[in-house]
1. Translational diffusion coefficient, Stokes-Einstein: compute it for the chain using the Kirkwood radius over C-alpha pairs as Rh, at 4 °C and 1.567 mPa s, and state it as an integer in µm² s⁻¹.
2. If you stretched the chain out fully between L147 and S30, how much longer would it get, using 0.36 nm times the residue separation minus the C-alpha to C-alpha distance?
3. Check which residues have an amide H placed less than 5 Å from H131's amide H, if you skip close sequence neighbours.
4. Return the distance in nm (one decimal) between the two label points of a simple spin-label model at H138 and E95, each offset 7 Å from Cα along Cα→Cβ.
5. For n ≥ 4 DSSP H runs only, could you compute -39500 (n - 2.57) per run for the chain, divide by its residues and tell me the 222 nm figure to the nearest 500?
6. Taking a virtual spin label 7 Å from the Cα of A50 along the C-beta vector, which residues in the range 22-36 bring their backbone nitrogen under 11 Å of it?
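Where a number appears in this text, it was derived from the coordinates with a stated rule and is not lab data. Computed from a predicted model, the values in this text were never measured in an experiment. Here the Cβ positions follow ideal geometry from the backbone for every residue, glycine too, while neighbour counts run over all protein chains shown.
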Amino acid sequence: MTAQQPVRPPLDRIAAAIRSERERAGLTLSELARSAGVAKSTLSQLESGAGNPSLETLWALSVALDVPFSRLVDGQPRPRVTVLRRGAGVAVASERADYVANLLASCPPNARRDIYLVRVEPGPPRESDPHSPGTIEHAVVGAGRALIGPAGQAVELGPGDYITYPGDVPHVCDALEPGTTVVMAIEHV
């Protein structure tokens, strides 16, 4: 996004989380790479803390590992009262659209939901592959306008509009105005 500084996810944290979750699942590098549809060399680089993983790569790994996305990018415990100022939080950019997701709240122990502030600009839509079975997404548009929802059934939303839809089917977020922001909550079952 042009008005923001370059997005750099926390590579050391991501590397440790991927390795830990892969080992917990009892998978080899090759097995996880094949399951996630990413190159083994890419996965090896990520586990060593190199590279710059895209939103798409991290989502594919979280689905293959059957863990919430946030577990790969934010393993830090939060105090009971947390304030994140604008632009704070873990941010990961899409490689296919002008779309940046800031993780606002990761799921606490024994819960499986994450909350994101998404900044999206007009251009190619953010086309998301299905997440883990049973995933449900909730979205509220804060500014601008966007088409959001299941592919082929997306609904135009404006400020204050809310939608919920299955996240385990292909879905889209397509900004119709510059400066579009969306708050998304993702429930993982």
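1. Working: Rh = 16.8 Å.
Reported coefficient: 77 µm²/s.
2. Numbers: separation 117, 0.36 × 117 = 42.12 nm, distance 3.69 nm.
Extra length available between L147 and S30 comes to 38.4 nm.
3. Under 5 Å from the amide H of H131: D168, V169.
4. With each label placed 7 Å out from Cα toward Cβ, I get 3.2 nm.
5. Numbers: 5 runs with 46 residues, N = 189.
Theoretical 222 nm ellipticity from helices: -7000 deg cm²/dmol.
6. none
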